[in-house]
1. Looking only at 137, 35, 147, which one moves most when the chain is put into a Gaussian network model with springs between Cα atoms under 10 Å?
2. As an exercise, take the mean of 1/r over every pair of distinct alpha carbons in segment 49-106, invert it, and state the Kirkwood radius in angstroms.
3. Taking the chain as a Gaussian network, where each spring joins two C-alpha atoms under 10 Å apart, which residue of 143, 46, 165 fluctuates the most?
4. Would you mind classifying segment 38-142 by shape? Square roots of the alpha carbon gyration tensor eigenvalues, ordered a ≥ b ≥ c; an a/c under 1.5 is rounded, otherwise it is prolate if a/b is larger than b/c and oblate if not.
5. With each label point set 7 Å from Cα along the Cα-Cβ vector, what nm distance links residue 124 and residue 152?
6. Could you tell me which of the pairs 136/178; 11/126; 74/136; 106/126 are separated by over 18 angstrom between their Cα atoms in the structure shown?
7. Cut-off 10 angstrom, C-alpha nodes, Gaussian network model of the chain. Which of 123, 73, 175 fluctuates the most?
8. Relative contact order of the chain: what whole-number percent is it, with Cα pairs under 8 angstrom and at least 6 residues apart?
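What follows is calculated from the coordinates using simple rules that are stated; it is not laboratory data. Here the structure is a predicted model, which means the values were calculated and not measured. Glycine gets a Cβ as well: all are built from the backbone with ideal geometry, and neighbour counts include every protein chain shown.
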Amino acid sequence: MEGGGLEFADKTNRGLMIGRYQPFHLGHLSLAEQILSECEELVVAIGSPEANFSFNDPFTAGERITMVHESLKKSGLRMSNCYVLPVPNSNNNYTWFENIRSIIPKVKTVYSGNQFVQLLLPKDVKVKSPTFVRYKIFNGTRIRNLIVRNGNWQDLVPTPVTLFINEVDGVSRLKKLKKSQLEQERVLATTTGLKIDN
C-alpha cells in the first residue's frame, strides 16, 4: 500500500563467497555450509561470467549457476536463503568490489582466503577465512587436469556437478580445450623462437 509510511531496512546478515567455480567443488560447498551456519543468507557470486570454452574457464555462466544451484539444493541447504548471481569482471581493481556491491544484495561479511581479494575489500566489509582449507586437493585447476587425464575427479565435486558435467559432455569438452591450449602454446613457442632467431 502506497503512502503507508512503511520503511524497509535491509538488516539481514548475509555472507558472500566469490569464485569462478570451474567447476564447483566440495571445498566450495563446505564454504557455503559454513556461511549459512554463521549468517542468515548466502550470496554466491560467480566471477568471470563472460569467460567460457577455454581450458581455464570451460563452463558458461549458466552452466556454473546450474551446478551451484543443484549442489546447494542437493546438500539440503534452504534455497530461499541462497542467491546465486553472476558478477562481471572489472579492469579497474580499485573499484572491483564496488561494482559487485551494486549488483548483489547487501552483505556484511566476505568469506575468502585469497589475499588479493582481501586487499581489494573496503574497510567497512568484514572478512572471514574458510575453515575448510585443503587448496592443494580442492582447486579447479587440479580437478580440470584430473578430468583430462581420466583421474578420479568425481570424489572432489558434489554429485550434481558430476551428473551435470556428464550431461553436457564436459569431459570431452575439456579434453578438446586442453588439446587446443597445448596447440596454441606450441605455436606461440615456435613464433617466439623465430623472433629470437631473427
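1. 137
2. Details: mean 1/r = 0.0762 Å⁻¹.
About 13.1 Å for segment 49-106.
3. 165
4. Numbers: a/c = 1.28, a/b = 1.09, b/c = 1.18.
Rounded, because the longest to shortest axis ratio a/c is under 1.5.
5. It works out to 4.9 nm between the two label points.
6. Numbers: 136/178 21 Å; 11/126 15 Å; 74/136 25 Å; 106/126 12 Å.
Going by Cα-Cα distance, 136/178; 74/136 fall outside the 18 Å limit.
7. Maximum among the listed residues: 123.
8. Working: 261 pairs, mean separation 50.5, N = 198.
Contact order relative to length: 26 percent.
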